[in-house]
Each structure stands twice: as structure tokens, then as C-alpha cells.
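What follows draws every value from the coordinates through simple rules; no lab data is involved. Values in this document were obtained by computation on a predicted structure and should not be read as measured data. Glycine gets a Cβ as well: all are built from the backbone with ideal geometry, and neighbour counts include every protein chain shown.
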Amino acid sequence: MTVPENKKAVIVGYDAISPLGADLDRQWQRALAGESGIGPLTRFPLRDGFPVAVAGQVPDIDGESYPFLSPRHQAAWFSPVFKYGLLAVTRALARSGVDIDAALAPRVATTFSSAVGGLDAVLHADRRLQAEDRLPHPYTNPNSCINMIGGKIAMHTGAQGPILATITACATGLTSMLVGAMLLAQDRADMVICGAVDCALVEPIVAGFATMNGAYTPKDGQQEAPAVASRPFSLNRRGFVISEGAGAVILATREFAHAHGLHYAAELAGWSMTSDAHHFVMPHMETVRRCMGEAISDAGLAPCDIDAVNAHATSTRVGDKVEYDALTAVFNGQPPPVSANKSQIGHAMGASSAIETILALRGMEEGLLLPTINLLFDPEIPLDCVAEGTRQLDQRHILKNAFGFGGCNACAVFRRT
């Protein structure tokens, strides 16, 4: 579908919370310095023999950071996904300069979502029921309902346009933006609150990722510093480091941005979504390749026009190789420089692609490409992963990849304006 110029999606605001910090500028400075946000797992007591000991944890955020949430509200909506999601969205809207009043509200959509949601609330209720024979807190089910995250954001902001939860596992954050762009292109909204939040550091979820051989485990029980555990595209990669966080991106039509004097530095130029129809966790090269190629074509570009790639790159043995193979096929054996942000922030499930998109957009604005840290060159994956540290690079077009369990692929091309 050809989108009229005035209905194309531009980015008018964004904000993120990640293991690198709660303040976006602080996160950016740490990312530029090549620092890691990975540390010991302390979200719950680790019993003897528990298979995971490191994680990417969001720093404690003072209750004063939520002046818009009363203590009673915070007590009722106790899953972290609500606090993190609401904070990221509130700050992203503030950066955009938009005040959603009664006139704008019917044309503001919400696609903000989550891959895991508030399963911590269900676990807590079950353990209390079994140990104390006490019935669940009355807000247990609402806390665990994934679409309630977008619902609470709409209630908080006043957005009354279309609302839906775009759940595509680890691609959720990016998919939220692509669905938002669809709503804008079809003139169903003028602005969309996009993004995702996930707090998957819940004991059975973490253990479950370990038993399916996805989560990072040190070789033969050898102890390693947590900061080196996440190493996408590296010869010695040993699975993803589970993390948490939130990323909010505010999209608007170019027409709406101009009419309201909103600043934007980038637009969503093209995108694609494909289904592997292949395996529940193992990515499929051909459909991943097609997703990348279609996103580039949808932007009206050739592969040689892409200046950099922000990779999905979870640090798994098979997943990283499939992404490399697809990149090699799309770019005729010469992919542009590739950044793998999970080397610094771990894998925040559905929130990852939202946070990573924000880091990529910031880098495009400033002409800087973030490094892939902890890289030990793998001769089977001879990519330029910016291993030397942050690189100065003028970027007009970047490709963002995100792939999720169930074969959910999402790719997007962002253009600097």
C-alpha cells in the first residue's frame, strides 16, 4: 500500500527504562561508554542449584518518580509492568510536547503492549494461596492481563482512539510501532502511543528459559563476571541474559506533526512482518531474509542505501547465525555495520525491540553507532559489529530487526529527516 506523504509515521517522542538506568540521557551516556547493565540476579532469592545467576535489572526507581500515581494506585497496580510502562509513556509524551486534550483524544491510538505481562501477580497469588490459604488480592487478575497495560496507559493519558495489544513475543515492541503506523496510514488515528514493557525476572519464567537452553549459563560451571555474559555474535556466546525494561515511542502523521509544531528527527520509512511457519523457537532464514528485504523495499530503497543495522541478536548459538545468514543474503555478502544492543542491556523480551529502536534513533540523530561489547570474533559470523567501541557514522537509513518465539518477524527502516 502506498502511504500518502502526509500520513507517513514520524517519531515525535520517545523514552526508555533499561538495565543501563532509569534516565534516558544516563542510559545513552553509559551505552556510548560501552558499559554493561548486566549484574547479579537479585529479584528473588536464588535457591541452591538454580540455573541462572545473572540478569539485566532495572535500577530501583524512587516512588517520587511517579508523581502522577498515588501510593494507593501503586499498591493496587503492583506488577512492575504498570509503573515502568506508565513512566516511559508519560516522559515520552512530555518530550513530544503533546497535551492530549478532549479535542485530540479520539484520534490518539494505543498499541503499547507486553510479551509476558504481569505474570508475577499470578505467581504471588498462587504462592499465597498455597502457603497461607489466602485468596488473591482483588487486583491480581487485572495486574496479570496483558492488554490492561495499554488500557491503563489510555486511562492515564486520555487517549480514546483504537486500542489493541500487539503481542509477538520478543518482537512486540517493534510490532507495536508497525501496527501504529498502519492506523496512521489508514487515517484511523493522528497519533499513536507505541512501545512495550516487560519484567520477566520471575522465578519460574527464568528457570523455564534455562530448561529450554535459551538463558545464559556459564561453561562447565565456570564463574564469569556478569558484565561479559551477554555476547551476541560472539564465538563464545552461551544464550541470552534475561532482563527487563520499557520503551515508549510516540508516532504521529507528518500532517499532524506539522499542524501542531512538533519536532521530529526521523520517520518510519518502511517495514515488513513475516511468519516463519517453521519452528516454535528456531528462526527460519528464508522468512527472516524476506522480512528484511521487504522492509527495505517498502522504504523505496535498495540494500546499499542502508547505513547500519540494529540487530535482534539475542546471543544464542542458532539465532545469531540465522540472522547473519539472512543479512548476508540481503546485502549480497556485504552487510553494513551492525550494533547488537543486547550485549549491553540483555534481553528484555517484548520491550527489547522498543528500547533498541530508541537507542538506534538516538544514534542516528547524533551520528553515532553503539558498540557490540564482549565480542570474540566468530569466523562463521564475520560481521562488522563495531567491537572497537562507539563509532562516528553518518546514518540516513537504519534497519531494525526483531524476531520472536512462534516465528514472529518484524523489520523496520527508519529514515533521518
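Quickly estimate the mean residue ellipticity at 222 nm for the chain, helices only: each DSSP H run with n ≥ 4 gives -39500 (n - 2.57), and the total goes over all residues, rounded to 500.
Details: 13 runs with 138 residues, N = 417.
Counting only the DSSP helices, I get -10000 deg cm²/dmol.
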> Given that compact globular proteins tend to follow 2.2 N^0.38 Å, what is the ratio of the alpha-carbon Rg of the stretch 1-130 to that value?
Replying inline: 1.33
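Lys and Arg at +1, Asp and Glu at -1: add these up for the other residues within a Cβ distance under 15 Å of Val12 and post the number. All intermediate terms of the calculation are to be shown ahead of the outcome.
Working: positive: Lys7, Lys8, Arg91, Arg95, Arg107, Arg254, Arg362, Arg415, Arg416; negative: Asp15, Asp99, Asp190, Glu255, Glu267, Glu365.
Spelling it out: positives minus negatives among the neighbours equals +3.
Using Cβ contacts closer than 10 Å as the measure, can you line up Ser275, Ser343, Ser70 from fewest to most? Spell out each step's value before the answer.
Values: Ser275 13, Ser343 31, Ser70 10.
Ascending number of Cβ neighbours within 10 Å: Ser70, Ser275, Ser343.
Among the DSSP beta bridges whose two residues both lie in the chain, what percent are antiparallel, rounded to the nearest 5? Could the numbers behind the result be given before it?
Details: 41 of 54 bridges.
Bridges in the chain that DSSP calls antiparallel: roughly 75 percent.
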> In the neighborhood of Ala311, defined by Cβ-to-Cβ distances under 10 Å, what is the net charge if each Lys or Arg adds +1 and each Asp or Glu adds -1?
Replying inline: -1
> Simple spin-label model, 7 Å along Cα-to-Cβ: Cys145 to Arg26 in nm?
Replying inline: 3.4
> Based on the Cβ-Cβ distance of Glu132 and Ala207, what FRET efficiency does E = 1/(1 + (r/R0)^6) give at R0 = 22 Å, to the nearest 0.05?
Replying inline: 0.45
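Counting other Cβ atoms within 10 Å, which trypsin sites (Lys or Arg not before Pro) in the stretch 1-51 have at most 14 and lie in a DSSP loop? Can you show the working numbers first?
Working: sites: Lys7, Lys8, Arg26, Arg30, Arg43, Arg47; in loops: Lys8, Arg43, Arg47.
Answer in residue order: Arg47.
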> So, in Å, what gap is there between the alpha-carbon centers of the stretch 148-185 and the stretch 320-373?
Replying inline: 23
>> Checking the cross-link filter: which lysines have an alpha carbon closer than 27 Å to that of Lys83, excluding same-chain neighbours under 8 positions apart?
In response: Lys152, Lys342, Lys400
> Here are several values of Rg and Dmax of the Cα atoms in Å: [x] 20.6, 68; [y] 32.3, 115; [z] 20.2, 63. Which one was derived from the coordinates shown?
Replying inline: [z]
> Exactly which trypsin sites (Lys or Arg not before Pro) in the stretch 93-137 are in a DSSP loop and have at most 16 other Cβ atoms within 10 Å?
Replying inline: Arg134
> Name the chymotrypsin sites (Phe, Trp or Tyr not before Pro) in the stretch 1-103 that are in a loop by DSSP and that have at most 14 other C-beta atoms within 10 Å, would you?
Replying inline: Phe68
